[in-house]
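Reviewing the structure listed below.
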Amino acid sequence: MEKITLPKASQLTSPNPVTVVCTQKPDGSTNLATVSWWTYLSYNPGMIAYAMAKTSYSGELVRNDKRVILTIPGAELRDVVLGCGTTTGRNTDKASKFKIQLAEVEGSSIKIPVHSRVAIVSKLKEYHEVGDHYLYICDVEQVYGNEGEEALFAWNGYAQLRPAK
Ligand SMILES: Cc1cc2nc3c(=O)[nH]c(=O)nc-3n(C[C@H](O)[C@H](O)[C@H](O)COP(=O)(O)O)c2cc1C
């Protein structure tokens with residue numbers, strides 16, 4: 001083996017998971033951000049975690065509001081998920097900009113992309129500083145799934161998005 005960097009390791013572990021983190025802005029609209037660094041933590045009780053750069057708007061929103069929905073984007077969103085991962089929602093409505101159709105989720109005012117394979121409705125339990133990111137640890141409240149949507153993954157590190165098959 002040869003010595004490599006952590007970013008290089010993430011290329012070697014491709015395909016990597018992809019989620020779209022959905023949070024609510026103060027005006028009630030939904031912000032969408034692409035996040036690969038997430039994991040299941042516990043089934044009983046249901047818990048998940050994800051890491052976001054300290055500067056992300058999504059992080060600011062979840063630290064204030066506590067509510068977040070992690071979604072696994074369907075293949076139809078292939079062309080727009082990169083956009084959600086390269087634009088901040090601080091002064092842009094990404095759903096409008098990238099023409100992403102949103103759906104209501106029962107019991108939540110945060111919307112999610114219609115083409116989602118999984119949606120994990122969660123509440124922020126705690127967060128921790130981890131280097132240049134915060135790690136958000138969340139309790140899972142509800143989980144929804146649609147096997148008809150094919151999941152997207154990140155290839156070549158995080159450079160391209162396409163299904164795993
Ligand atoms: C494929 C892909 C994966 C990404 N994964 C992460 C991640 O795990 N954590 C993170 O902080 N940013 C990640 N990003 C970058 C954020 O999505 C990006 O900083 C975004 O602009 C944040 O939006 P916000 O400011 O509206 O929250 C990823 C971007 C792409 C394209």
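The values are calculated or read from the model by the stated rules, or taken from the named source; none is laboratory data. Predicted model only: the values in this text are computed from it and were never measured. With ideal geometry, Cβ positions are generated from the backbone for all residues, glycine too; neighbour counts draw on all protein chains shown.
Does T71 count as under 24 Å from S10 (Cβ atoms) and more than 11 Å from the ligand (Cβ to nearest atom)?
On the way: under 24 Å from S10 (Cβ atoms): yes; more than 11 Å from the ligand (Cβ to nearest atom): yes.
Yes: the conditions hold for T71.
Given the condition free of Cβ contacts under 8 Å to residues at least 40 places away in the same chain, charged (D, E, K, R) and either within 16 Å of the ligand (Cβ to nearest atom) or within 20 Å of Y158 (Cβ to Cβ) (or both), answer yes or no: does some residue in the stretch 84-98 qualify?
yes
If you take just the strands (runs of 3 or more DSSP E) that sit entirely in the stretch 103-165, which of them hold at least 2 residues that are free of Cβ contacts under 8 Å to residues at least 40 places away in the same chain and not small (G, A, S)? Even if it seems obvious, please write down each step before you answer.
Numbers: elements: 108-113, 116-130, 133-145, 153-155, 160-162.
Filter on the stretch 103-165 gives 116-130, 133-145.
Conditions: (1) in a strand (DSSP E or B); (2) surrounded by fewer than 21 Cβ atoms within 10 Å (Cβ to Cβ). P73 meets all but one. Number of the miss?
(2)
State whether the residues of the stretch 78-88 include one that is surrounded by fewer than 22 Cβ atoms within 10 Å (Cβ to Cβ), over 24 Å from R162 (Cβ atoms) and modelled with pLDDT of 95 or more.
Within the stretch 78-88 (the criterion being surrounded by fewer than 22 Cβ atoms within 10 Å (Cβ to Cβ), over 24 Å from R162 (Cβ atoms) and modelled with pLDDT of 95 or more), the answer is yes, since at least one residue qualifies.
Got at least one residue in the stretch 27-35 being in contact (Cβ under 8 Å) with a residue 12 or more places away in the chain and of a type in the set (D, E, K, R)? Spell out how you get there, then give the answer.
Applying the first criterion (in contact (Cβ under 8 Å) with a residue 12 or more places away in the chain) to the stretch 27-35 yields 28-35.
Imposing the further condition that a residue be of a type in the set (D, E, K, R) reduces the set to none.
Checked against the condition, which is being in contact (Cβ under 8 Å) with a residue 12 or more places away in the chain and of a type in the set (D, E, K, R), the stretch 27-35 yields no hits at all.
Anything in the stretch 90-102 that is outside any loop (DSSP other than H, G, I, E, B) and loosely packed, with under 13 Cβ neighbours inside 10 Å? List them, or say none. Spell out how you get there, then give the answer.
Filtering the stretch 90-102 down to residues outside any loop (DSSP other than H, G, I, E, B) leaves 94-97, 102.
Within the stretch 90-102, just S96 meets the criteria.
Given the options K97, K165, K111, name the one that is at pLDDT below 95 and of a type in the set (K, R). Spell out the reasoning first.
Values: K97 fails: at pLDDT below 95; K111 fails: at pLDDT below 95.
Of the residues listed, the single one that is at pLDDT below 95 and of a type in the set (K, R) is K165.
Give just the number: which of (1) of a type in the set (S, T, Y); (2) outside any loop (DSSP other than H, G, I, E, B); (3) more than 18 Å from P17 (Cβ to Cβ) does T87 not satisfy?
Tallying (1) of a type in the set (S, T, Y); (2) outside any loop (DSSP other than H, G, I, E, B); (3) more than 18 Å from P17 (Cβ to Cβ), T87 fails exactly one: (2).
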